[in-house]
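These notes are about the structure you will find just below.
The values are calculated or read from the model by the stated rules, or taken from the named source; none is laboratory data. The model shown is predicted, which means the values in this text are computed figures rather than measured ones. Here Cβ is always computed from backbone atoms with ideal geometry, including for glycine, and neighbour counts include all displayed protein chains.
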Amino acid sequence: MQIVSALFVENFEMRQAPGPSTRLDLTGAMFSMAAPEPAPLTISPHLVALIFCPEGETGQGVFEVIFRPDLDDPERPDAGEHLARNVSPFNVEPGKFTYRLVRGELEFPDYGQVFAHCRVDRGPWHVVPFTLLPPAA
């Protein structure tokens with residue numbers, strides 16, 4: 001299985017389309033946001049990952065996300081400081097897609113970046129940056 005895409009979003013909805021086919025409505029895709037109040041603070045952005053399962057695979061997997069404050073060792077994000085971690089098993093019909101929605105509670109002592117390191121099973125890591133900016137004037 002593989003991660004097709006991973007993004008931080010404001011809203012995520014599914015709807016049926018003719019076929020039958022499914023549509024994913026992602027709104028407010030973002031890589032940064034202005035803090036709603038001065039730091040320090042905790043925010044909970046939504047991370048959505050789209051995962052594809054090729055034909056011939058079991059369709060069972062585990063999605064893991066580790067939120068880190070740095071990119072010191074992108075090949076071993078499990079070895080450094082973690083801000084948050086989420087592990088969730090899933091099933092998907094081979095030949096189809098599924099999604100995972102993760103809402104991590106991230107503590108920001110100050111403004112700056114965090115990196116969501118995502119993977120399926122023990123596959124390669126997919127990194128998604130997120131920057132917390134000072135509050136808008």
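This table checks each residue for (1) in contact with a Ser or Thr (Cβ under 6 Å, 6 or more places away or on another chain); (2) among the β-branched types (Val, Ile, Thr).
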| residue | (1), (2) |
| --- | --- |
| Met1 | no, no |
| Val4 | no, yes |
| Leu7 | no, no |
| Asn11 | yes, no |
| Gln16 | no, no |
| Ser21 | no, no |
| Ala29 | no, no |
| Met33 | no, no |
| Thr42 | no, yes |
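Criterion applied to Val128, Val62 was being in contact with a Cys (Cβ under 7 Å, 6 or more places away or on another chain), within 19 Å of Ala6 (Cβ to Cβ), surrounded by 12 or more Cβ atoms within 10 Å (Cβ to Cβ) and of a type in the set (A, V, I, L, M, F, W, C), and the one residue passing it is Val128. So, in the range 42-101, of the ones that are in a helix (DSSP H, G or I) and under 18 Å from the mean Cα position of the chain (by Cα), which residue ends up farthest from Gly112 (Cα to Cα)? Checking each candidate, the answer is Asp78.
With respect to the stated conditions, Pro18 fails to be modelled with pLDDT of 95 or more, loosely packed, with under 14 Cβ neighbours inside 10 Å, over 14 Å from Lys96 (Cα atoms) and not small (Gly, Ala, Ser).
Residues checked against (1) surrounded by fewer than 16 Cβ atoms within 10 Å (Cβ to Cβ); (2) out of contact with any Pro (no Cβ under 9 Å at 6 or more places or on another chain); (3) not aromatic (Phe, Trp, Tyr):
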residue: Met1; (1), (2), (3): no, no, yes
residue: Phe8; (1), (2), (3): no, no, no
residue: Ala29; (1), (2), (3): yes, yes, yes
residue: Val48; (1), (2), (3): no, yes, yes
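For the range 102-137, the candidate set comprises residues that are assigned to a loop (DSSP other than H, G, I, E, B) and of a type in the set (D, E, K, R); within that set, the residue that is farthest from Phe52 (Cα to Cα) is Asp110.
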